[in-house]
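Each remark here refers to the structure printed beneath this line.
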Amino acid sequence: MSQLKYLVEKEFKQISRNAIIPKMIVLYPVLVLLIFPWAINFEVKNIKIHVVDNAKSAYSQRLINKIDASAYFILTDISTGYDAAIGDIERDKSDIILEIPVSFDTDMVKERHANVMISANAVNSTQGLLGNNYLTQIINDFSQELRTGLFPAATLSNAPHIDVVTDFRYNKRLDYKSFMLPAFIVLMITLICGILPSLNIVIEKETGTIQQINATPVSKFNFILAKLIPYWIIGLIILTLSFFLTWIIYGLLPSGSFVTLYISAVIFLLGITGLGIIISNYSETLQQSMFLVMFFILIIILLSGMFTPISAMPGWAKVIAHANPLTYFIEIMRLVYLKGSSLSDLLRPLMWLAGFSVLFNTWAVLSYKKRG
């Protein structure tokens, strides 16, 4: 035990003498939580719309005003020529076109229905699809308002209708940042506690200090454990700092227990730091280690369900996602933060994380080759 104590003390001294790592532990969470939730946002807003108003009537103006008042659209121009609107699309001045026909008012009053045309730029398919859906919803709402205003008696007596009262559970404000913040916390822990342990051993290989340790009677288990313990502590410090920052900056506190979050984080840290040690065991130079770390980190981040739902992935990607420890920790963080899940609700992802931790740390000890 005293041997392990001195080894851990050595690791902390090395970290404290480093000019970058102590600053990174504090500054990195601050920068990530201040910038990423605002910059990495998959909500589609500020869609540029060009309206071709051939009717130039009171009803068409009301529809244009309703669209302009929406938070999702920016009205770039109103014209009477479709060619001009297409030109704006080609010059990237507009994303979507709404064409209102000449007979818009007449059709609404006499025929009780009217047609409009939506042309969306689908180079960005997500923006094109969502922009079309948003605009269709606005037009449908406007149509309902006109029917109620023009034919109130018929609307009330002959036309049955259903009132839908929506209750948004767990994220009532539909704030995308609330959904992403728990995942960004996981991302920070993964990057710092997954990358730094792998670099630590490789740097010692390059400087030659690891040969001095290998010549001593220090066991492989104690050596690996001494390398991991500091980063477990650093991970918990980053986690605590992140909890505080998400509360101070965004007013977001977990609906569930902090105890559940810390227990889950400890299990995850055991696994992700072990993965870093495995990478370092198979790397002889810093360049090799950096390449392997970036290769694996990129895969586990993109195939974790952090940005896109796993259910939308192809079958082969789902297999990788379900063999990814990041998937389960992100799931746990979001469930505890937004839904208030308890340990009993999280047994499945916790068991997976525990399995990864045992596998990675056993592999790390067995793959380390002690040479005198």
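The values are calculated or read from the model by the stated rules, or taken from the named source; none is laboratory data. Worth saying up front: this structure is predicted, and the values here are computed from it rather than measured. Here the Cβ positions follow ideal geometry from the backbone for every residue, glycine too, while neighbour counts run over all protein chains shown. For the accessible areas, the whole protein counts, side chains as well, though only heavy atoms, and no ligand, DNA or RNA atoms are used. Shrake-Rupley method; radii C 1.70, N 1.55, O 1.52, S 1.80 Å.
Take the residues in the stretch 201-220 that are over 15 Å from L7 (Cα atoms), in a helix (DSSP H, G or I) and open to solvent by less than 50 Å² (accessible area, probe 1.4 Å); name whichever of them is modelled with the highest pLDDT.
Looking only at the stretch 201-220, we keep the residues that are over 15 Å from L7 (Cα atoms), and these are 202-203, 205-208.
Retained after the next criterion (residues that are in a helix (DSSP H, G or I)): 202-203, 205-207.
Next cut, open to solvent by less than 50 Å² (accessible area, probe 1.4 Å) only: 202, 205.
Details: V202: 82, K205: 77.
Top of the filtered list is V202.
Put simply, of F356, F295 the only residue that is modelled with pLDDT under 90, in a helix (DSSP H, G or I) and more than 16 Å from the chain's Cα centre (by Cα) is F295.
As a summary of the residue check, R169 satisfies the conditions (1) outside any helix (DSSP H, G or I); (2) among the basic types (K, R); (3) within 28 Å of Y282 (Cβ to Cβ) except for the one numbered (3).
Determine, yes or no, whether F243 is under 20 Å from M333 (Cβ atoms), of a type in the set (F, W, Y) and part of a loop (DSSP other than H, G, I, E, B). The answer is no for F243. Counting only residues that are under 30 Å from R147 (Cα atoms), assigned to a helix (DSSP H, G or I), in contact with a strand residue (DSSP E or B) (Cβ under 6 Å, 6 or more places away or on another chain) and open to solvent by less than 30 Å² (accessible area, probe 1.4 Å), the stretch 82-122 holds 1 of them. When you check K318 against the structure, is it without any contact (Cβ under 8 Å) to a residue 60 or more places away in the chain, open to solvent by 50 Å² or more (accessible area, probe 1.4 Å) and basic (K, R), yes or no? Spelling it out, K318 is indeed without any contact (Cβ under 8 Å) to a residue 60 or more places away in the chain, open to solvent by 50 Å² or more (accessible area, probe 1.4 Å) and basic (K, R).
Would you mind stating whether K205 is in contact (Cβ under 8 Å) with a residue 24 or more places away in the chain, touching an Asp or Glu at 6+ places or on another chain (Cβ under 9 Å) and charged (D, E, K, R)? Steps first, answer last, please.
Values: in contact (Cβ under 8 Å) with a residue 24 or more places away in the chain: yes; touching an Asp or Glu at 6+ places or on another chain (Cβ under 9 Å): yes; charged (D, E, K, R): yes.
It is true that K205 is in contact (Cβ under 8 Å) with a residue 24 or more places away in the chain, touching an Asp or Glu at 6+ places or on another chain (Cβ under 9 Å) and charged (D, E, K, R).
Residues that are over 17 Å from T190 (Cβ atoms), in contact with a Ser or Thr (Cβ under 8 Å, 6 or more places away or on another chain) and of a type in the set (K, R): does the stretch 358-370 have at least one? No, that holds for no residue. Candidates in the stretch 28-46 are the residues that are of a type in the set (A, V, I, L, M, F, W, C), assigned to a helix (DSSP H, G or I) and open to solvent by 60 Å² or more (accessible area, probe 1.4 Å); of these, the one that is farthest from L130 (Cα to Cα) is L31.
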